[in-house]
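Heads up, the thing below is written out as structure tokens.
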Amino acid sequence: MAPVPRLSPRYYRVRPSTASELAREGRAYAQLGRQVINLQGGHLPGEMDHGLRQVGADAWREGAIGYTEGNGLPDLRDAVIDWLELRDVRSAENVLIAAGSRSALSAVLAVITSPGDVVLVDGAAWVVFHPLVSVAGATPVPILPAQGSNADPGSRHFKLTAVDVRTQLQLMPSARAVLMANPVNPTAQLYTAEEIVAIIEVCAQAGAVCIIDRLYGKLIYDGVRYPYLPATPAVRDHCVLIDGVSRAFRGSGGLRVGWACGPFDIIEAAGRVQMFGMGPAHRVDQLVALAAITRPYDIGLIEELQGLRDLLFDSARAVPDLVAWPVAGTMYCMLDVRKFRGRTDASSWVVDTSAEFADYLLTDGGVLVAPGDIVGQEGFIRVAFSRASQDVTAGMARIALSLGRLKA
Ligand SMILES: Cc1ncc(COP(=O)(O)O)c(C=O)c1O
């Protein structure tokens, strides 16, 4: 008798990404004593604020560590509404607190999809979106922009239009949801309120849910604010926001608190799934998150990141043949390396795909970057600037040297 496969076929869609393999390779290099500069991803600069750590320490000392309500601390659910500036659209009962934003997203996907359903995912997607949709039992299908694609990178930098979304929804009647991030990791673009509301309207017309991951919603530069969502019927009934603390505060990467905010039926059902599945976030983490989102925001963090962004952008622009995309938000910048494609290194090895560029920059220059296949497009690499300024400067100098060494 043929052995019964032990692992579900869904698992095979949850393979390690090129980026995580490169990160492993980078660690191996570092263990060999090579100095590797990591511009691949990571946390925000600095340590978590002392006052916030104190909130956690006090909670532990006072024994405030028992379970919370299954859908999160009521005060935190309420505070999230102000944090998201959605008081005229939502209230606390529209919020589910989870152990990180990806857990909130998993719970939402679990209740809105059935096996065989499609979830349309922005072609420029965070690497976790596709696996999470697959684990929920649905099929992720990328939406690629008709404009601003590889053929026309100058215009929208992969941002989708409502027409792109409508076209794809018409092609895929089994699509239950559209999943995207704003600001976008990896492309660092920001959809305006007008653009995002138009996409939500199109979803509403097709009976689909528009899920917007706004985890980088605080990391927006040049004085721009996060797009305000008006209280329209489409926003009320067809939009779920996913958010959390891990990309909003210094040193908050390991704090496992995120939330989903959306229509009551979805949030209530997702809360039940969470209750019987992953369980709620730890009380101490929730208390720290509550303190973090209700105190005056640390604008210094945004100013620091904006300075690092400018540093990286200016260094990238000085490299002949390299094109840096403008950065409206997040902590990343997309570098277009297509003019270097097909050039060879010292051992006549042709560098062509984005994975090969990432590999080359690690082996030749000792810089860890994320390959552009994370956006489903070859010819790009993504670099993070949420690092010490000397790492950003040295990392870009090494990238410039390595690219300059390639022979046409
Ligand atoms: C788009 C996006 N969403 C969410 C997260 C983090 O999720 P969590 O809150 O589970 O740490 C990241 C981290 O890189 C991200 O890029």
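Using only Cα atoms, find the angle between the long axis of helix 50-61 and the longest principal axis of the chain, and express it within 0 to 90 degrees, rounded to the nearest 10.
50 degrees
I'd like the orientation of helix 74-83 relative to the chain: the angle between its Cα long axis and the longest Cα principal axis, in ° from 0 to 90, rounded to 10.
Once rounded, the angle reads 50 degrees.
Roughly how many whole Å is it from the C-alpha centroid of segment 229-274 to that of segment 367-408?
About 33 Å separates the Cα centre of segment 229-274 from the one of segment 367-408.
With +1 on each Lys and Arg Cβ and -1 on each Asp and Glu Cβ, and nothing else charged, work out how big the dipole of segment 1-157 is about its Cα centre, in Debye to the nearest 20.
On the way: 14 positive and 16 negative charges, 182 e Å.
Roughly 880 debye for segment 1-157.
Where the only charges are on Cβ atoms (+1 Lys, Arg; -1 Asp, Glu), what is the dipole of segment 309-408 about its Cα centre, to the nearest 20 debye? List each step's numbers first, then the result.
Details: 11 positive and 12 negative charges, 41 e Å.
Here segment 309-408 has a charge dipole of around 200 debye.
Take the alpha-carbon centre of segment 110-125, take the same for segment 301-321, and report the distance between them in whole Å.
One Cα centre to the other: 35 Å.
Pick out, in residue order, every one of the chymotrypsin sites (Phe, Trp or Tyr not before Pro) in segment 45-115 that is DSSP loop and has at most 12 other C-beta atoms within 10 Å; say none if there are none.
Here the sparse-neighbourhood loop sites are 67.
Give me the net charge of residue 343's neighbourhood, meaning all other residues with Cβ under 13 Å from the Cβ of residue 343; Lys, Arg count +1, Asp, Glu -1.
0
Which order results if 12, 332 are arranged by neighbouring Cβ count within 10 Å, fewest first?
In increasing order of surrounding Cβ atoms, one gets 12, 332.
Using only alpha carbon pairs under 8 Å that are at least six residues apart, calculate the relative contact order of segment 325-408 and give it in whole percent. Can you show the working numbers first?
Values: 119 pairs, mean separation 29.4, N = 84.
Averaging sequence separation for qualifying contacts and normalising by length gives 35 percent for segment 325-408.
For residue 21 and residue 85, calculate 0.36 nm times their separation in residues minus their Cα-Cα distance, and state this gained length in nm to one decimal.
Working it through step by step, the gained length comes to 19.2 nm.
Fewest to most neighbouring Cβ within 10 Å: what's the order for 126, 349?
349, 126
Taking only Cα atoms, what is the 0 to 90° angle, nearest 10, from helix 101-112's long axis to the longest principal axis of the chain?
Between the helix axis and the principal axis of the chain, the angle is about 60 degrees.
Determine how many Å³ per residue the convex hull of the Cα atoms of the chain encloses.
174 Å³
Tell me, which longest segment in the chain has none of the GluC sites (Glu not before Pro) that fall in DSSP loops with at most 16 further Cβ atoms within 10 Å?
86-408
Which lysines does residue 339 reach when only Cα atoms under 29 Å apart count, and residues fewer than 8 places away in its own chain are ignored?
Qualifying lysines at Cα under 29 Å: 159, 407.
Of 360, 375, 349, which is farthest towards the positive pole of the chain's charge dipole, taken about the Cα centre with +1 and -1 on the beta-carbons of Lys, Arg and Asp, Glu respectively?
In the chain, that residue is 349.
Name the residue from 141, 233, 112 whose Cα lies farthest towards the positive end of the charge dipole of segment 50-294, charges +1 on Cβ of Lys and Arg and -1 on Cβ of Asp and Glu.
141
Hey, what number do you get for the chain at 222 nm if only DSSP H runs of n ≥ 4 count, each worth -39500 (n - 2.57), divided across all residues, to the nearest 500?
-12000 deg cm²/dmol
May I ask you to list the trypsin sites (Lys or Arg not before Pro) in segment 211-318 that are in a DSSP loop and have at most 11 other Cβ atoms within 10 Å of their Cβ?
Numbers: sites: 214, 218, 225, 236, 247, 250, 256, 272, 283, 309, 317; in loops: 214, 218, 225, 247, 250, 256.
Counting only loop positions with at most 11 other Cβ atoms within 10 Å, the trypsin sites (Lys or Arg not before Pro) in segment 211-318 are 225.
Determine the relative contact order of segment 50-294: mean sequence separation of Cα pairs under 8 Å and six or more apart, normalised by residue count, in whole percent.
After rounding, I find 30 percent.
Under 13 Å from the Cβ of residue 379, count the other residues' Cβ atoms, weight Lys and Arg +1, Asp and Glu -1, and hand me the total.
Local net charge: -1.
What Rg and what Dmax come out for segment 314-408 when only alpha-carbon atoms are used, in angstroms?
12.3, 39
What net charge do the residues around residue 46 carry, taking every other residue with its C-beta under 15 Å from that of residue 46, with Lys and Arg at +1 and Asp and Glu at -1?
Local net charge: -1.
Projected onto the charge dipole of the chain (+1 at Lys/Arg Cβ, -1 at Asp/Glu Cβ, origin at the Cα centre), which of 185, 302, 33 gives the Cα projection farthest towards the positive end?
Result: 33, furthest along the dipole toward the positive end.
Can you compute the charge dipole magnitude of the chain about its Cα centre, using +1 on each Lys and Arg Cβ and -1 on each Asp and Glu Cβ, nothing else charged? Give it in debye, rounded to the nearest 20.
900 debye
Spin-label point model (7 Å from Cα, Cβ direction): what's the residue 64 to residue 408 distance in nm?
My value for the distance between the label points is 6.5 nm.
If you filter segment 9-104 for trypsin sites (Lys or Arg not before Pro), then keep DSSP loop positions with at most 16 other Cβ within 10 Å, what is left? Walk me through the numbers before you get to the answer.
Working: sites: 10, 13, 24, 27, 34, 53, 61, 77, 87, 90, 102; in loops: 34, 87, 90.
Filter output for segment 9-104: 34, 87.
Computed from the coordinates by the stated procedures, all read-outs in this text should not be read as laboratory data. For clarity, every value in this text was computed on a predicted model and none was experimentally measured. Every residue, glycine among them, receives a Cβ derived from its backbone with ideal geometry; neighbour counts consider all protein chains shown.
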